[in-house]
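Throughout, read-outs are computed from the coordinates displayed, never taken from laboratory work. Just so it is clear, the structure is predicted and the values come from calculations on it, not from any experiment. Positions of Cβ are generated from backbone atoms using ideal geometry, with glycine treated the same way; all protein chains shown enter the neighbour counts.
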Amino acid sequence: MPIMERKLVISFILCLLFTALPFAVNYANERIGTGSTPLPSPPSGPVNGVYYIGSLTSHQGDDILCVIPAEAYVEKPGTLVTLNVTVRFKHAQPCPYSDWKITTENPVNVEVVNETKTELKDAYTAFKQYTVKVLGNGSIDVVFHYGTGCPYGTEERVTVEFYIGAPNGTELNQSAPSLEEVLNTTSVNVTGVIKAVDTALRAVVVENYTIEIRGRWTGPDNESLTWRDMLALLKPGERVTILASEEDGSLKADVIVIDGKTYRKG
């Protein structure tokens, strides 16, 4: 083949490649985007006469319980309401403490008429649905029980409220984070000298980070401690390592290492 013809063929092939490149990138992005399992979010309007308002979370231990809705308004007694329950595990399943479970407790003017089997969406996400009949203004607790002997927590608990009637404008317009915003927390590992301990704020300042201490804790000898106990162990001027999660715009401690001893939330 003459040199000129070879150059023309090469140019044509290169032109095809550059022309097809954007489509190939878009196709790859679409394929990557289908990897995660979509999870339910609060409806934007009434569904079958039910207003679903907001979401609830509990993160006392390592895992996160999220329930949608936080409140439900129904037109009349006897109306059915669906509760979407998601647990985001910090450690992949199955784990050594595999008898964890999701339950409902303390129903007030509410009757559970159906519940699905708990389904693992992936190694870190469990999902379950409850259908409840609203008999009047009332509530019900949704509880995630950690597995027997689990050192990372005992339970996560939230209370869903139910009302007969319609929500007001403020409740309808309240901003609720999406489920992914709630569950996809950002972890930060901070090692440095303690600058201050703030009992009122229930927080410790390490380097340039203010980290809140919440809930109950388990010490290196499996002893149970409160947030006050943990703050008492943190001394200004001493060096510490803290693994914290970003939630609602602030950092909350999950693991604290003091003098080589590890303390875990839950």
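Table for the structure above
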{"item": "Cβ crowding within 10 Å averaged over residues, with 57-63, 159-165, 231-237 ranked highest first", "result": "57-63, 159-165, 231-237"}
{"item": "Test item: Cα-centred dipole of region 187-265, Lys/Arg +1 and Asp/Glu -1 on Cβ, debye", "result": "140"}
{"item": "Student exercise, region 50-177 dipole from Lys, Arg, Asp, Glu Cβ charges, in Debye to nearest 20", "result": "200"}
{"item": "Whole-number percent relative contact order across region 187-265, with pairs defined as alpha carbons under 8 Å at least 6 apart", "result": "33"}
{"item": "Total formal charge among the other residues, if their Cβ is under 12 angstrom from that of Leu243, Lys/Arg +1 and Asp/Glu -1", "result": "+1"}
